[in-house]
1. Listed residues A:Thr165, A:Thr102; which is of a type in the set (Val, Ile, Thr) and over 28 Å from A:Gly225 (Cβ atoms)?
2. Looking at the range A:128-136, is at least one residue crowded, with 18+ Cβ neighbours inside 10 Å, out of contact with any His (no Cβ under 8 Å at 6 or more places or on another chain), away from chain B (no Cβ under 14 Å) and over 22 Å from A:Arg27 (Cα atoms)?
3. Could you please tell me which pairs satisfy a Cβ distance under 7 Å, a separation of 6+ or placement on different chains, a first residue in the range B:12-36 that is under 20 Å from B:Lys47 (Cβ atoms), and a second residue that is open to solvent by 60 Å² or more (accessible area, probe 1.4 Å)?
4. Do we have any residue at all in the range B:72-87 that's over 30 Å from B:Lys13 (Cα atoms) and within 14 Å of chain A (Cβ to nearest Cβ)?
5. Which ranges mark the helices (runs of 4 or more DSSP H) fully within the range A:175-265 that have 2 or more residues being without any contact (Cβ under 8 Å) to a residue 24 or more places away in the chain and open to solvent by 10 Å² or more (accessible area, probe 1.4 Å)?
6. Output the residues belonging to the range B:215-245 that are within 20 Å of the chain's Cα centre (by Cα) and facing chain A (nearest Cβ under 9 Å).
7. What number of residues within the range A:262-277 satisfy the criterion of being touching a helix residue (DSSP H, G or I) at 6+ places or on another chain (Cβ under 8 Å) and at the interface with chain B (Cβ under 8 Å from one of its Cβ atoms)?
8. Mind counting the residues in the range B:147-166 that are closer than 13 Å to B:Ile188 by Cα and surrounded by 17 or more Cβ atoms within 10 Å (Cβ to Cβ)?
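The values are calculated or read from the model by the stated rules, or taken from the named source; none is laboratory data. This is a predicted model, so every value here is computed, not measured. Note: ideal-geometry Cβ built from the backbone for every residue, glycine included; neighbour counts use all protein chains shown. The accessibility values were calculated without ligands, DNA or RNA, using every heavy atom of the protein model including side chains. Shrake-Rupley method; radii C 1.70, N 1.55, O 1.52, S 1.80 Å.
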Number of protein chains: 2
Amino acid sequence: MTFNYKTPHTTSKPERQVVVSYLKSLRDRIITDFESLEPHGKKFERKPWDYTKGKSGGGEISVIRGDTFEKAAVNWSGVEGDKFPGQDAEGSFFATGVSLITHMQNPKAPTVHFNIRYLETETKFWWGGGFDLTPMGFENDRDTSHFHSTAEKALAPFGEGLYETYKKAAAEYFYIPHRQKERGVGGIFFDHVNTGDASRDFSMWKSVGDHFLESIMPIYRERIGMPFNDADKETQYLYRGHYAEFNLAYDRGTRFGFNSGGNPEAILCSMPPLAKW
Amino acid sequence: MTFNYKTPHTTSKPERQVVVSYLKSLRDRIITDFESLEPHGKKFERKPWDYTKGKSGGGEISVIRGDTFEKAAVNWSGVEGDKFPGQDAEGSFFATGVSLITHMQNPKAPTVHFNIRYLETETKFWWGGGFDLTPMGFENDRDTSHFHSTAEKALAPFGEGLYETYKKAAAEYFYIPHRQKERGVGGIFFDHVNTGDASRDFSMWKSVGDHFLESIMPIYRERIGMPFNDADKETQYLYRGHYAEFNLAYDRGTRFGFNSGGNPEAILCSMPPLAKW
């Protein structure tokens, strides 16, 4: 598959339906690839939900509890509300995105997080997203390098230094202050992107989406069959605890979800299946 | 044991050393009673820690991983810092307290949380505390009633309606907004108490401390030997997840700890040993 990023220049908002279609098709591609790693054919289960606190909208959570993925959740949402949470001046809003977190049976296989989102308020619109990798106690330089070089490739067409900027933003964002460490080995993160060229921004955002599977699938193919023991599993549980701490105490997506009266099942579907402290 | 709350009227700050001595002796009483419930003599392990981010001070975490208490943690702390977190105008501060959370092997035995704390800034001093009960899926009216009536007894000498006020405060404080439910069956909660009569406030605060064991020990004696099965245990793990959500996303004590650069091991020693989502 090739992607053409030379779409015509425009400064107007994108069609919501076009954005939503891209997100849903990406969600489907991710699910198909992930399911291909399940040895006994376990499947994602899809559950629609309504955004009852807002004007309209909802989403679909797809969750798998499988033999490769102890738990993985992919959530697509598209919601409209009267008041943008935390910023009264912005008036009503529209938010759509896909977010995903994996928790692997094999502790040698890292957790990955991916999210892309598009937001509109009455006065603004912008793009956000990224992906980042969290080894659960078993860090591997080759994985880290592959993951980051794929991220770099995704961003290369859109400006020199963009990868470095977004990599730095990820390092800052995915930091656990009370443990004085980064959540994992980083990745890329961006938010509030609107350069004035909406087609360029949309293309950059899609490129991040389109490169996600390439960033993680080779790592999973190599690692999901590796031997591990009970002690490795215990290590994974403790690292998952730190992951849960970050998600609940700091993550903006989680806070946005809580503050906008989102569906807790959807917001927290990314929590680890089992964590220890 | 009887307690005399008719100490002389005073409006001046209490002696820090007197407050700290009370807290440490209460901590010791709690540990002794809890250890009496361990069938194979498992003991709390005490670990001192230093408040390296502040001016001086530290604390002692006592943790047991036993046959009755899957995990219980009692933390005493006494710290001094240059800047009261979140309130610059208050200048330097002193904070001391005992806090405790239990996670039981038997899912039929509820989790209990207890905390009393004393704070001083350059301009003010105040008392806070309370205790609250969280059944892990197995609620019992008789337990709830015993727990609340002990709380009522603790507060009765200090003013009509005090129990009702603090009970209401607990219901409001221990609320999980994103799940639209209270964390458990409530208890009492108070903060920023300074009536102008320091000896009365200190006595009220001690009465809460002195009644804690009476509120929980009869419940534990009855419940720790009850039969339970794997499904009950799974229920407990899910309720523990909600508990972890509250602690990380909303609890003021946890946030105060994070924001004041406290020891993460001490702040998070109350997290469940094992939780599921």
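1. A:Thr165
2. yes
3. Qualifying pairs under 7 Å: B:Glu35/B:Lys43.
4. Checked against the condition, which is being over 30 Å from B:Lys13 (Cα atoms) and within 14 Å of chain A (Cβ to nearest Cβ), the range B:72-87 yields at least one hit.
5. A:230-249, A:252-259
6. B:Gly241, B:Ala244, B:Glu245 - these are the residues of the range B:215-245 that are within 20 Å of the chain's Cα centre (by Cα) and facing chain A (nearest Cβ under 9 Å).
7. Qualifying residue count for the region: 10.
8. Of the residues in the range B:147-166, 9 are closer than 13 Å to B:Ile188 by Cα and surrounded by 17 or more Cβ atoms within 10 Å (Cβ to Cβ).
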